[in-house]
Amino acid sequence: ELKQLLFWVPQAGHVGIGVSILSYRGAVQIGLIADEALLPDPDTVTAGFGAEFAALRRQVRTGAAAPIRAT
């Protein structure tokens, strides 16, 4: 059993924003790396992650999630 995970979003070339999501043993970790010119304050993005995952969890548990439609 791992006690702590550390991961990094691979960035190369002209990729300005990278997001990684890793789940292990019921926990989810999110990594965000961004070019400061594109996203000067990444905390504005990460601040909403917890609430959005909680909402997603409620939808999954209640079956209230809308079906995914192919476009």
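The values are calculated or read from the model by the stated rules, or taken from the named source; none is laboratory data. Values in this document were obtained by computation on a predicted structure and should not be read as measured data. We place every Cβ from the backbone using ideal geometry, glycine too, and count neighbours over all the protein chains shown. With ligands, DNA and RNA removed, areas are computed over all heavy atoms of the protein, side chains included. Shrake-Rupley method; radii C 1.70, N 1.55, O 1.52, S 1.80 Å.
In segment 1-40, which residues are open to solvent by 70 Å² or more (accessible area, probe 1.4 Å) and touching a residue at least 24 places away in the same chain (Cβ under 8 Å)?
Listed by number, the residues that qualify are GLU1, TRP8, ARG25, VAL28.
Any chance you could count how many residues in segment 41-65 are of a type in the set (A, V, I, L, M) and open to solvent by less than 60 Å² (accessible area, probe 1.4 Å)?
Kept after step one, since they are of a type in the set (A, V, I, L, M), are these residues of segment 41-65: 45, 47, 51, 54-56, 60, 64-65.
Then keep just the ones that are open to solvent by less than 60 Å² (accessible area, probe 1.4 Å); that gives 45, 54-55, 65.
Of the residues in that region, 4 qualify.
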